[in-house]
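Following: one structure in structure tokens, then a few remarks.
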Amino acid sequence: MIVIMSKQIKFIAGPCVIESAELLDVVAAKLVDINKRLDTDIIFKASFDKANRTSIRSFRGPGIDKGLQMLSDVKSKYGLKILTDIHEAWQAAPAGEVCDVIQIPAFLCRQTDLLVAAAKTGKTVNIKKAQFLAGRDMRYPVEKAREAGAEEVWLTERGNMMGYGNLVVDFRNIADMKEIVPTVVMDCTHSVQRPDAAGGKTGGDRRFVPAMALAAKAFGATGYFFEVHPTPDQGLSDAANMLELNKLEGLIKDILA
């Protein structure tokens with residue numbers, strides 16, 4: 001059974017990086033279809049630039065100008081809300097012209113200028129918890145964003161480093177971060193990464209994505225982040241971790257049950 005208040009739960013989904021307009025269309029159309037059937041309000045996510053790729057030879061995306069135009073096209077064509085991440089403070093203002101949510105990458109969550117610039121756009125700011133921080137320490141990035149004018153700030157759990165080549169998720173971080181902000185998102189796909197530079201790229205195992213989501217539900221998560229792709233093994237970024245697009249609806253049903 002689908003709960004009546006499903007739109008109160010934040011769902012974020014989309015490909016890791018903008019690969020092509022055709023890919024964005026396929027994913028966006030599927031999200032619209034799911035929204036209609038499940039009465040959800042999935043936010044479309046894609047990155048215009050993956051500035052944190054392992055190798056300098058890795059695909060990064062179309063860049064900010066073309067990428068934001070492509071995201072704007074998705075917004076106008078499909079009526080979806082848009083989320084993208086920024087890596088430098090100057091990117092915040094143009095991203096804010098298109099996006100409803102501006103995301104701060106985990107490794108950059110303590111960068112004051114980046115947080116302030118995102119906050120000044122007036123858009124929702126989603127701050128990913130760094131792999132080297134505890135959930136309770138995220139009060140300080142939130143404080144920076146709020147003091148810079150952000151009215152709505154979300155926090156996202158995405159695991160902590162475990163040795164040199166793996167992540168572990170301490171789900172207690174969700175409860176700790178809910179004491180800071182009401183919206184705590186579980187990044188169900190990045191949390192299954194194995195960032196051990198496997199052949200110059202990040203590894204991982206998407207088999208554990210559903211379990212990550214349901215465990216986060218048990219700990220009170222109020223949002224869920226999924227990178228999805230129709231053929232994830234052919235994806236140009238985070239291929240090992242992205243969920244198959246055709247499995248997204250079933251997993252959302254399980255979360256809402």
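The values are calculated or read from the model by the stated rules, or taken from the named source; none is laboratory data. What you are looking at is a predicted structure, and each value in this text was computed from that prediction instead of being measured. Each accessible area value is taken on the protein alone, full model and side chains, heavy atoms only, with ligands, DNA and RNA left out. Shrake-Rupley method; radii C 1.70, N 1.55, O 1.52, S 1.80 Å.
Pairs of Cα atoms nearer than 8 Å and 6+ residues apart set the relative contact order; for segment 119-194 it is 34 percent. Taking every alpha-carbon pair under 8 Å whose residues sit at least 6 apart, the chain reaches a relative contact order of 18 percent.
Is the shape of segment 54-147 best called rounded, prolate or oblate, per the rule: a/c under 1.5 gives rounded, else a/b larger than b/c gives prolate, else oblate, with a ≥ b ≥ c the square roots of the Cα gyration tensor eigenvalues?
Values: a/c = 2.05, a/b = 1.38, b/c = 1.48.
Oblate.
At a probe radius of 1.4 angstrom, the accessible area of the chain per residue rounds to 44 square angstrom.
Based on the inverse mean of 1/r over its pairs of different Cα atoms, what is the Kirkwood hydrodynamic radius of segment 100-238, in Å? So the Kirkwood estimate lands at 15.3 Å. Per-residue accessible area (protein heavy atoms, 1.4 Å probe) orders Tyr140, Tyr78, Tyr164 as Tyr164, Tyr140, Tyr78, starting from the largest.
For segment 193-257, rounded, prolate or oblate, judged on the Cα gyration tensor with a ≥ b ≥ c (square roots of eigenvalues), a/c < 1.5 rounded, else prolate if a/b > b/c? The shape class here is oblate.
Can you pull the percent of segment 76-203's accessible area that's carbon plus sulfur, 1.4 Å probe, other chains left in place? Please report the intermediate quantities before stating the final value.
Details: 2680 of 5620 Å².
It is 48 percent, rounded to a whole number.
In units of 2.2 N^0.38 Å, what is the alpha-carbon radius of gyration of the chain? The partial results should precede the final answer.
Working: Rg = 16.6 Å, N = 257, 2.2 N^0.38 = 18.1 Å.
Compactness ratio reported: 0.92.
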